[in-house]
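To start, the structure under review is shown below, and the notes come after it.
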2 protein chains.
Amino acid sequence: MTVHVALVHHPVRNREGEEIATSVTNIDVHDLARSCRTYGVENFWIVTPITAQHAIIERILSHWSSGEGRRRVPSRWEALSRVRLAKSVAEVKELTQVDRTWATAADPRGNSVLSLDAAKTQLKEDRSTLLLFGTGHGLADDLVAGCEALLPPIQAGDYNHLSVRAATAIILDRLFARDRA
Amino acid sequence: MTVHVALVHHPVRNREGEEIATSVTNIDVHDLARSCRTYGVENFWIVTPITAQHAIIERILSHWSSGEGRRRVPSRWEALSRVRLAKSVAEVKELTQVDRTWATAADPRGNSVLSLDAAKTQLKEDRSTLLLFGTGHGLADDLVAGCEALLPPIQAGDYNHLSVRAATAIILDRLFARDRA
């Protein structure tokens, strides 16, 4: 099984449910790259149509690939070397040629939900999977509707406002941790 | 059961294993407060002896408790209202009167490790627990040695460099998620 993760900055929702593009943040690049490396994700795709944001990410990466950062913290490049840039989820699918795309959401979306157990079983198949995580107030409905499956929300209690950094870490741990006891 | 979480900025280790104090970051305050609220943690303690850093956190909190932030994102104050400040772990213990303190670490520390299953069972007892998370390169050894137990490292593979934001989210999920399937 090969797994790719994409952090989607467009199309996502704002607080009012409108479709927007969010800005890339340095901390998301680092945290998700580290979580992806920890759980054996092949590539971590940062998706935004705004090419100026691609330039920002490339500048961050160059600090850690060849600059002072690499000398000082070599483990960070091990994670950041898996970062890839794309203008859209469609472009990620084209470049990775994944067999299926699964969405994540904190709230119900009308899609039928794949249980975590079923997801874990299917991930053992010899197929490649792209997992989508949304910034802002989550992936746009059309994007979710176009996926092969939707993973269950984290739903730990009555408060449903984890950061995307925390949510991604939890979902990867739930899907890929070898031993939970 | 009552659970408290503390994010420790001193005493922690730097890359060389020396004891240092790290700086508070805005994103840690937000992310850990949101994760703590999600999993029903009573209070999220930010531990640093540097009082100038307490002032920074108080300023962050005031924006979300009564400022523009509260009006715009009311759910955020629900999480941040659980933040408390302390100068040391000893002060947290004194103020909370917890029955026991458990450390977390990404690397072995000589302490015997409480399995996750045992920890989950013990958390159902009528006792209060303080969970310590370290910034920098982890909690100082003396601090870990003074705890009643050490939780197992996350150990998902050969890469052991999660952000403290990701690690805290994963540990809280492993301990407190109601339903993992």
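Read-outs throughout are calculated quantities, based only on the coordinates presented, and are distinct from any laboratory measurement. Every value quoted in this text rests on a predicted model; they were computed, and no experiment measured them. Reconstructed Cβ throughout: ideal geometry from the backbone, glycine too, with neighbour counts over all protein chains shown.
Just a few scattered comments:
- Placing dummy labels 7 Å off each Cα toward the beta-carbon, the span from residue B:106 to residue A:116 is 2.3 nm.
- Position residue B:178, label points 7 Å along Cα→Cβ, spacing to each other copy in nm (shortest first, one decimal): 3.3
- Note on residue B:23 and residue B:148: with the Förster distance fixed at 30 Å, the Cβ-Cβ geometry gives a FRET efficiency of about 0.55.
- Placing a label point 7 Å from Cα along the Cα-to-Cβ axis, residue B:70 is separated from the same position in the other copies by 4.9 nm, shortest listed first.
- Beta bridges per DSSP with both ends in the stretch A:1-149, % antiparallel, nearest 5: 10 percent
- With label points defined 7 Å past Cα in the direction of Cβ, position residue A:94 shows copy-to-copy spacings of 6.4 nm, given to one decimal and shortest first.
- Over the stretch A:80-181: Rg over Rh, Cα atoms, Kirkwood Rh: 0.94
- Percent of beta bridges antiparallel (DSSP, the protein assembly as shown, rounded to nearest 5): 10 percent
- Under 17 Å from the residue B:123 label point (7 Å along Cα→beta-carbon), backbone N, the stretch B:163-178: B:165-178
- Top of B:114, B:80, B:130 by mean-square fluctuation, Gaussian network on chain B, Cα under 10 Å: B:114
- Summary: within chain A, the longest segment free of GluC sites (Glu not before Pro) located in DSSP loops with at most 13 other C-beta atoms within 10 Å is A:19-124.
- Using a cutoff of 8 angstrom between alpha carbon atoms and counting only pairs six or more residues apart, the relative contact order for the stretch A:5-115 works out to 28 percent.
- Along chain B, longest interval not containing exposed trypsin sites (Lys or Arg not before Pro), exposed being DSSP loop plus at most 15 other Cβ atoms within 10 Å: B:16-86
- Computed from the Cβ-Cβ distance with R0 of 56 Å, the FRET efficiency linking residue A:160 to residue A:62 stands at 0.90.
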